[in-house]
Structure formats: structure tokens, C-alpha cells
1. Out of all the residues in the stretch 144-157, is one or more open to solvent by less than 30 Å² (accessible area, probe 1.4 Å) and in contact (Cβ under 8 Å) with a residue 40 or more places away in the chain?
2. Residues that are at pLDDT 80 or above, within 27 Å of LEU126 (Cβ to Cβ) and crowded, with 19+ Cβ neighbours inside 10 Å: does the stretch 66-84 have at least one?
3. It is to be established whether one or more residues within the stretch 44-63 are over 25 Å from THR245 (Cβ atoms) and among the hydrophobic types (A, V, I, L, M, F, W, C).
4. Do the conditions hold for GLY109, that is, is it crowded, with 18+ Cβ neighbours inside 10 Å, without any contact (Cβ under 8 Å) to a residue 60 or more places away in the chain and assigned to a helix (DSSP H, G or I)?
5. From the list ILE97, ILE119, ILE108, ILE115, pick out the single residue that is more than 15 Å from LEU31 (Cα to Cα) and either among the aliphatic types (A, V, I, L, M) or at pLDDT below 85 (or both).
6. Please list, ordered by first then second residue, the pairs with beta carbon atoms under 8 Å, 6 or more apart or interchain, first in the stretch 62-83 and over 13 Å from SER98 (Cα atoms) and assigned to a helix (DSSP H, G or I), second of a type in the set (Asp, Glu) and open to solvent by 60 Å² or more (accessible area, probe 1.4 Å).
7. Of the residues ARG58, ARG87, ARG9, which single one is modelled with pLDDT of 85 or more, basic (Lys, Arg), open to solvent by 70 Å² or more (accessible area, probe 1.4 Å) and farther than 13 Å from LEU110 by Cα?
8. Name the residues in the stretch 12-28 that are at pLDDT below 90 and surrounded by fewer than 20 Cβ atoms within 10 Å (Cβ to Cβ), would you?
Amino acid sequence: MTALTRTPRGLDRVNPVTPFVAAVLYSVPMLLTIDLVSAAIALGAWIIVFASAGIGPRTVLRRSWPLLLAAPLSAVSMLLYAEPGGRIHAQLWLIVISDQSIELALAIGLRVLAIGVPILVGLVGLDPTRLADGLAQVARLPHRFVLAALAGVRLFGVLGEDWRQIALARRARGLGDTGAVRRALQAAFALLVVALRRGGTLATAMEARGFGDAERTWARPSRLTRADAVLLLVTAVVVALAVGTALATGSFRPVWQGAL
């Protein structure tokens, strides 16, 4: 397993369902405000938590690098088009850069990182089999739905190899010299046919092995442990610290007040 698909050390003892609950517990309060203080406090707190849990900077960067691109884009759009306030620094048609737009740009960019980084670190790389066990045994989701989703996830990686084989087969038959768009559409249709056939075969095999029974046993028990309680407690503490500091300093800015 690569570093991107492996569960980070410190989260390997946590039930895979718990990070999803923690993500909701954390993101909902953090989305209620767009101030700079709460985002900075939350991001700093999670960096400390990651270091304490043995999750290194490399793992964090590998999992959250798309946010390093999304955060500046969000900040720039807010910088240029947010409702002006305070001193005006530059103005060009609809573009107005003011003290308020600069503050909002910093707050939005930092908030994207503060919300996205811990969620990506916690959710990316979860083992699909452990997650399916947790969803069926802990979250009590219908096991047919869970097992079907698990089978789909496991076979998703096969699509790339199927696409390559289809392209090679078509080229060997002299059908790969048409336009790029037409070639891609034809290959996509062939890939759909292959996927439907494999899905039907897999469904029949799973039904024959008893995966469709009303009651079933599980080879890998999935339970909640002390580690799950610790993760939820840490999440609640981070939220309380970030939002509480923003309220105490008077920087709390509810989203319903408007940012544009």
C-alpha cells in the first residue's frame, strides 16, 4: 500500500465510521462563521493533533495538496469581488479591493484549509473492507447496500486496465485511427458493456454465496473502542476552542450576515 492509501498511524485503531461522524461534528460549526481567528485556531490545533498522533507533514501534504490550489483560488475571488468596506486600495470596474475584501480573502482561504485538511487526512485512505464492516455493523446500514458498494469500490480500479485493454484491442483491429473524440466515445461504450457484464456476473456469484440472505455473520467484527471516543472528544475540543476564541475576541462573523 502506498502512503496515500494507507491509514495514517494514529487512526488505524479508530473505527472507519467514526471519522465520518467527526467530520460532520467539526465542519458544521466551522461553516457557520467566516472569521479569520477561528480558522487559524482550528488549523493550528489540528497541526498539533496530527503531530501528537504521529501523522507527519508528508502524509498531510500528500492527502491535502488539492486544497493548496483551491484555497488561493477561493481567496482571490473573495479579494476581487467581495463587498467593499473600509479603505479602498484598488478599483477596476466590478473589481474592488478594500480592507474588508482583504480580510475576507484571508479568512476564506484559511477556512478552506482549516476545514478540508483534517477531513482529508482522516477520510482519505480508509480501507474499504473495514469501512464496509463498520457501516453494516456499527451504522446498521442494509448489508446488501454496503456489500454492493464495497464490491463496486473494489472493482473500480479494474476500469483503468479495461480501458487500456480495449484501446489495445481496437488498435490491433485497425479501429484506433479515427478521431480522438469518436475513439473515446466508442471505447467508453465498450467499457460500459464490459462493466455491466462483470456486474451481472459478480451479482450472481455473490447471491450464490449467500450475500443476499436476510441475516448473516461477519468474519471481521467492527466495534467502537476508546480510540473512537478520543477522536470525537478531540474534535469537540478543537471546535469549542476555535469558535469560543472567535466569540471571545469579537471576531465571530456569521455567514448569514453575508460575505459579498
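The values are calculated or read from the model by the stated rules, or taken from the named source; none is laboratory data. Nothing here was measured: the structure is a model prediction, and the numbers come from that model. Don't worry about glycine lacking a Cβ; one is built from the backbone with ideal geometry, like all the others, and counts go over all protein chains shown. The accessibility values were calculated without ligands, DNA or RNA, using every heavy atom of the protein model including side chains. Shrake-Rupley method; radii C 1.70, N 1.55, O 1.52, S 1.80 Å.
1. Kept after step one, since they are open to solvent by less than 30 Å² (accessible area, probe 1.4 Å), are these residues of the stretch 144-157: 146-147, 151.
Checking which are in contact (Cβ under 8 Å) with a residue 40 or more places away in the chain leaves us with 147, 151.
Yes, the conditions are met somewhere in the stretch 144-157.
2. yes
3. yes
4. Numbers: crowded, with 18+ Cβ neighbours inside 10 Å: yes; without any contact (Cβ under 8 Å) to a residue 60 or more places away in the chain: yes; assigned to a helix (DSSP H, G or I): yes.
Answer is yes for this residue.
5. ILE97
6. none
7. Values: ARG87 fails: modelled with pLDDT of 85 or more; ARG9 fails: modelled with pLDDT of 85 or more.
Just one listed residue meets the conditions, ARG58.
8. ASP12, ARG13
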